[in-house]
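Reading through the structure tokens given below for one structure.
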Amino acid sequence: EAVAAAEPSAPPEETPAPEHGRHHRKHHEEAAQDGVAPPPVVEAESHPGGFVVRAIGDTHASDAYGNPVNPHRTWGGNANLQIGALLVQIKEAASGDGRTLTIASQPWAIASIDGVSRGKTPVASVPFPSGGVRLELIRPGMDSPAVLKISPSNH
């Protein structure tokens with residue numbers, strides 16, 4: 001029997017994005033135009049419990065939609081934040097020794113965890129104890145480091 005060739009299908013119609021999606025996409029497009037690639041969006045397949053992020057001192061952090069970071073929000077394994085010119089991604093994972101964090105940023109920054117330099121981002125396998133960690137990010141041109149307290153959520 002002869003098999004009929006499949007008709008090429010028309011591309012699906014694009015559904016308008018919700019307003020916050022447009023803002024998010026616009027932000028990433030602007031960053032790309034400035035020669036700065038947005039941080040990769042990594043979906044956490046599973047997370048051990050989530051975490052909360054609190055900006056310390058003069059650090060102003062917002063979520064991917066431009067909303068100030070709520071210190072009571074539980075992030076479900078992955079957070080994408082805007083801190084000044086830095087696009088920062090924090091990812092939590094379970095490991096054999098407990099919980100760990102991976103910190104990435106665009107552009108790169110020097111990351112210090114609890115006062116100990118871990119070098120340029122991305123920084124992986126950061127131990128995430130029950131008391132949380134203090135993250136400092138700085139790069140040339142910044143007047144002072146961006147400082148965050150990252151704590152396990154209280155589920």
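The values are calculated or read from the model by the stated rules, or taken from the named source; none is laboratory data. Note that the structure is predicted; figures quoted are calculated from it, not measured. Using ideal geometry, Cβ is built from the backbone for each residue, glycine included, and neighbour counts are taken over all protein chains shown. For the accessible areas, the whole protein counts, side chains as well, though only heavy atoms, and no ligand, DNA or RNA atoms are used. Shrake-Rupley method; radii C 1.70, N 1.55, O 1.52, S 1.80 Å.
Data overview
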quantity: Residues located in the stretch 114-147, provided they are of a type in the set (A, V, I, L, M) and open to solvent by less than 80 Å² (accessible area, probe 1.4 Å); calculated: 123, 124, 126, 133, 135, 137, 138, 142, 146, 147
quantity: Candidate set: the stretch 63-81, residues that are of a type outside the set (Gly, Ala, Ser) and touching a Gly at 6+ places or on another chain (Cβ under 7 Å); chosen: the one most open to solvent (accessible area, probe 1.4 Å); calculated: 74
quantity: Inter-residue pairs, beta-carbon under 6 Å, first over 25 Å from residue 50 (Cβ atoms) and in the stretch 94-121, second at pLDDT 95 or above and not in a strand (DSSP E or B), 6+ apart; calculated: 108/121; 120/108
quantity: Whichever residue in the stretch 53-89 is more than 19 Å from residue 111 (Cα to Cα) and of a type in the set (A, V, I, L, M) and, among such residues, is modelled with the highest pLDDT; calculated: 69
